[in-house]
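The values are calculated or read from the model by the stated rules, or taken from the named source; none is laboratory data. Small disclaimer: the values here were computed from a predicted structure and weren't measured. Cβ coordinates were reconstructed from backbone atoms using ideal geometry, including for glycine residues, and neighbour counts include every protein chain displayed. The accessibility values were calculated without ligands, DNA or RNA, using every heavy atom of the protein model including side chains. Shrake-Rupley method; radii C 1.70, N 1.55, O 1.52, S 1.80 Å.
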Amino acid sequence: MGILEEISSLMQQGRAPKVKELVQQAIDEGVSPKEILEKGLLGAMSIIGDKFKKNEIFVPEVLIAARAMNAGVSILKPYLVEAGVESKGTAVIGTVKGDLHDIGKNLVKMMLEGKGLNVIDLGVDVPAEDFVKAAQENNADIICCSALLTTTMGEMKNVVAAAAAAGIRDKVKIMVGGAPITQSFCDSIGADCYSPDAASAADAALALCS
Ligand code: B1M
């Protein structure tokens, strides 16, 4: 097995320290940072995403694999910047105002990062204006809003309105998700995209960026 296949396999098993070690070894052996990212780490995250979508693995396995990916990325980051590997787009993500649930939002964030997007995480309980401000400051392609409570899902409409009021509605796509969110809710508030799970959210975000 080549070193890239080994990195991918270890990442899928969630073995963070080993992933870190092998990523460094690959760099020392002269493998390009872009190849390590795309064939090793992102390839593994794509397999994880597919398995998660098919219910072959569940939240804990995804979180563990994502932690291993982050460990690998932490070694790669300075080399990637040096090599000029461009991010595939920028997303601002957060759980809407009044809502403190962040497990799903964190999964979506990890999947987006796994697709090569630059993600600005605003955390939980994020007011509509903060989503818009962060999108403006970071020239974001997408605003990603998560909500788990029926009482907070209405906040997403405020995000759409705040983006329009700030004059950036034609420049930024708005993606919504979370357990109570549906396609018809997305349509009713004028958001651009609804995704039912983290893996589809990452696919949709990449499509929206390109
Ligand atoms: Co809360 N909670 N909770 N809770 N909690 C729910 C959501 C609830 C359904 C439980 C229930 O009553 N059966 C219920 C909501 C009912 C409703 O609104 N109709 C509820 C309630 C009522 C509350 C409190 C009000 C309870 C109280 O205090 N009385 C309170 C509210 C606090 C607040 O937010 N202001 C509260 C608090 C909490 C905890 C803090 C204890 C904890 C959150 C911990 C944390 O997140 N750090 C918690 C938890 C864990 C849950 C349950 C059990 C699990 C939620 C979860 O993390 N699921 C939940 C019941 C349930 O769902 N079975 C419940 C796993 C996660 C991976 O799924 O977030 O859906 P999910 O994300 C998925 C998709 O939805 C999607 O991708 C993810 C992965 O595939 N997705 C997106 C998510 N965001 C997306 C964004 C996208 C695209 C896809 O694009 C941008």
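Observations on the model:
- Residues of region 83-101 that turn out to be open to solvent by less than 60 Å² (accessible area, probe 1.4 Å) and over 25 Å from residue 32 (Cα atoms), as a count: 8
- A count restricted to region 48-62 and to residues that are farther than 15 Å from residue 201 by Cα and surrounded by 15 or more Cβ atoms within 10 Å (Cβ to Cβ) stands at 2.
- Scanning region 11-34 for residues that are assigned to a helix (DSSP H, G or I) and open to solvent by 70 Å² or more (accessible area, probe 1.4 Å) turns up 17, 18, 20, 21, 25, 28, 34.
- The set of residues from region 189-210 being touching a residue at least 24 places away in the same chain (Cβ under 8 Å) and aliphatic (A, V, I, L, M) comprises 189, 191, 198, 199, 201, 202, 204, 205, 206, 208.
- Matching option when the condition is small (Gly, Ala, Ser) and more than 20 Å from the chain's Cα centre (by Cα), among 26, 65, 44, 16: 26
- Selection from region 63-82 of residues that are open to solvent by 40 Å² or more (accessible area, probe 1.4 Å) and away from the ligand (no atom under 16 Å from the Cβ): 70, 74, 77, 78, 79, 81, 82
- The single condition among (1) open to solvent by 60 Å² or more (accessible area, probe 1.4 Å); (2) over 30 Å from residue 5 (Cα atoms); (3) in a helix (DSSP H, G or I) that residue 135 does not satisfy is (1).
- Here residue 186 qualifies as out of contact with any Lys or Arg (no Cβ under 9 Å at 6 or more places or on another chain) and modelled with pLDDT of 95 or more.
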